[in-house]
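The values are calculated or read from the model by the stated rules, or taken from the named source; none is laboratory data. Owing to the predicted nature of the structure, the values given are computational and were not obtained by experimental measurement. Here the Cβ positions follow ideal geometry from the backbone for every residue, glycine too, while neighbour counts run over all protein chains shown. Remember, those area values only see protein heavy atoms, side chains included, never the ligands or the DNA or RNA. Shrake-Rupley method; radii C 1.70, N 1.55, O 1.52, S 1.80 Å.
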Amino acid sequence: SKSLSDEENLKLFGKCNNPNGHGHNYKVIVTVRGEIDPVSGMVINLTDLKECMQEAIMEPLDHKNLDKDVPYFAEVVSTTENVAVFIWENLKNLLPVGTLYKVKVYETDQNIVVYKGEETISEK
């Protein structure tokens with residue numbers, strides 16, 4: 001965090017506080033909800049959902065240094081919680097209104113963030 005001293009960052013973020021950055025292989029699960037189309041049997045066409053996820057998640061984030069390559073994180077600390085918010089906001093703008101239900105981001109198998117718009121739940 002730019003608003004903390006080096007010592008405060010080290011205390012708060014531990015081994016994730018590396019001046020040269022560090023990486024994660026995040027796993028993201030997107031849950032949609034809504035009325036099931038009687039013809040297709042789907043809430044949303046999975047091909048369309050995949051295209052939205054490509055645009056909202058993969059293009060801006062994949063193989064990027066979040067702090068240096070993603071403008072959103074120039075002013076927002078790149079925690080998994082904020083990654084989930086970023087993904088939510090991007091998907092919400094692409095999916096039909098009210099369809100997006102939940103974004104679940106795995107930083108590791110033990111560190112997981114679930115985001116549902118205004119409500120945030122961390123699972124550790």
Other residues with Cβ under 15 Å from the Cβ of residue 94 give, with Lys and Arg +1 and Asp and Glu -1, a net charge of -3
On the formula 1/(1 + (r/R0)^6), with r taken between the Cβ atoms of residue 94 and residue 69 and R0 of 25 Å, the FRET efficiency rounded to 0.05 is 0.75
Among 50/102; 11/116; 68/102, the pairs whose Cα-Cα distance exceeds 20 Å are 11/116; 68/102
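Report the extension gain between residue 39 and residue 12 in nm, rounded to one decimal, defined as 0.36 nm multiplied by the number of residues separating them, less their alpha carbon distance.
Working: separation 27, 0.36 × 27 = 9.72 nm, distance 5.16 nm.
Here the segment from residue 39 to residue 12 would lengthen by 4.6 nm.
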Diffing segment 91-104: the Karplus 3J(HN,Hα) column from phi (6.51, -1.76, 1.60, θ = phi - 60°), in whole Hz with x for Gly and Pro, holds 5, 4, 6, 9, 8, x, 3, x, 7, 5, 10, 7, 10, 10
By accessible area (1.4 Å), largest first, 92, 102 order as 92, 102
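How would 24, 63 line up by accessible area, probe 1.4 Å, largest first? It would help to have the intermediate numbers written out before the result.
Working: 24 60, 63 170 Å².
Ranking 24, 63 by accessible area, largest first, yields 63, 24.
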Once all protein chains are kept in place, residue 115 shows an accessible area at probe 1.4 Å, nearest 10 Å², of 20 Å²
With 0.36 nm assigned to each residue of separation and the Cα-Cα distance removed, residue 29 to residue 4 gains 5.9 nm
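Mind checking the dipole of segment 24-115: about its Cα centre, +1 per Lys or Arg Cβ, -1 per Asp or Glu Cβ, Debye to the nearest 20?
Details: 8 positive and 14 negative charges, 43 e Å.
Magnitude of the dipole: close to 200 debye.
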Sorted by accessible surface (1.4 Å probe, heavy atoms of the protein chains only), largest first, 77, 97, 30 come out as 97, 77, 30
Length gained, residue 81-residue 50, 0.36 nm per residue minus C-alpha separation, equals 8.9 nm
